[in-house]
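Data first, discussion second: the structure below is written as structure tokens.
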Amino acid sequence: MNASPLKIAVLVSHPIQYYSPWFRHLATRPELELKVFYLWDFGIKEKTDSKFGAAFTWDIPLLDGYEYELLENTSNDPGTHHFKGLVNPGAVEAIASWEPDALLCFGFNYATHMEVIRSKRLADLPKIFRGDSHNLYPVTGLRSKVARFLRARIFAKFDRFLTVGQANEGYFEMCGVPEEKFVRAYHCVDNERFRSAQPEAEKEAATWKNELGIPEDHFVFLFAG
């Protein structure tokens, strides 16, 4: 008799273009049952990005192929630009009612994340953390020490950390996370989407080169950053 699939609840701020393909892939695994709990509808409904000062929605499907629930955000100023930008009173109840076997949490520095992480109702639920912060440009002083102390208190509640590389692991180690809790999980690329878009992209690139007066046989390096 086959064992029941492992139920993984995922807590993430909003639909993110480079995580949705990963969720779709995990949802195809027979040994897993995945449900993503979103705290904000940025990216699927047109909203202004505070950093870039422009309103947009993603032109690729972000919610297809996996189970999800968009939780009501009651923040007076919704967004990921401040701690109270994600305030979802129903988050703990929604996650607990689904009865997961583990929680995968993306980030921690928002009101709802802290409510879920510190919830007594979810205290016995194994927790996995995913983040890509680093200390490549260290900040010193009292404020930095206090922040590191608080992060250590938060990270102590997690059983595993999905790390993206050495610098990321160094960041967690400075917050007291032992190496045995690390599991390498590099960032993913949706190769199939890029492959399918290649013919049209090459056609548009050739047209652009011609408009710019660049000979067809000349190689072009493009840097965007």
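Take every pair of alpha-carbon atoms less than 8 Å apart whose residues are at least six positions apart; their mean separation over the length of the range 121-185 yields a relative contact order of 42 percent. Shown here is the pair-distance distribution of the range 75-117: with all Cα-Cα distances grouped in 5 Å bins from zero up to the longest one, the shares run 5, 23, 29, 24, 12, 6, 1 percent.
In this structure, Q166 and D217 have a Cβ-Cβ separation that, at R0 = 30 Å, corresponds to a calculated FRET efficiency of about 0.15.
For E67, E216, the ranking by accessible surface with the largest value first comes to E216, E67, using a 1.4 Å probe.
Taking the Cα centre of the chain as the origin and placing charges on Cβ (Lys, Arg +1; Asp, Glu -1), which of F223, A54, Y137 is farthest toward the positive end of the dipole? Of the options given, the answer is Y137.
Computed over protein heavy atoms with a 1.4 Å probe, the accessible surface of the range 1-131 works out to 53 Å² per residue. Note on K181: lysines with a C-alpha under 25 Å away, same-chain residues under 8 apart excluded, are K7, K35, K120, K127, K145, K157. For the chain, the 222 nm mean residue ellipticity estimated from helices alone, with every DSSP H stretch of n ≥ 4 adding -39500 (n - 2.57) and the total spread over all residues, rounds to -9000 deg cm²/dmol.
Ranked by the mean number of other Cβ atoms within 10 Å per residue, highest first, peptides 130-141, 186-197 order as 130-141, 186-197.
In the context of the full protein assembly, I60 retains an accessible surface of approximately 40 Å², using a probe radius of 1.4 Å and ignoring ligands and nucleic acids. Calculated over the chain, the projected area of the Cα convex hull averaged across directions stands at 17.0 nm². The calculated FRET efficiency for T74 paired with A54, based on their beta-carbon distance and R0 = 30 Å, is about 0.75. Dividing the Cα radius of gyration of the range 1-103 by its Kirkwood radius returns 1.01 for Rg/Rh. Normalised by the residues of the chain, what does the relative contact order come to in percent, with Cα pairs under 8 Å and at least six apart? RCO, the chain: 15 percent.
Among beta bridges identified by DSSP and lying wholly in the chain, the antiparallel ones come to about 10 percent. Just so you know, the Rg over Rh for the range 80-198 is 1.02, from Cα atoms, with Rh as the Kirkwood radius. Extent along the principal axes, Cα only, for the range 131-204: 55, 27, 17 Å, with the longest axis given first. Got a number for carbon plus sulfur as a percent of the chain's accessible area, 1.4 Å probe? Its accessible area is 54 percent carbon and sulfur atoms. Short-range pairs are left out: with C-alpha atoms under 8 Å and at least six residues apart, the relative contact order of the range 58-179 is 19 percent.
The values are calculated or read from the model by the stated rules, or taken from the named source; none is laboratory data. If you're wondering where the values come from, they're calculated on a predicted model, not measured in any experiment. Here Cβ is always computed from backbone atoms with ideal geometry, including for glycine, and neighbour counts include all displayed protein chains. With ligands, DNA and RNA removed, areas are computed over all heavy atoms of the protein, side chains included. Shrake-Rupley method; radii C 1.70, N 1.55, O 1.52, S 1.80 Å.
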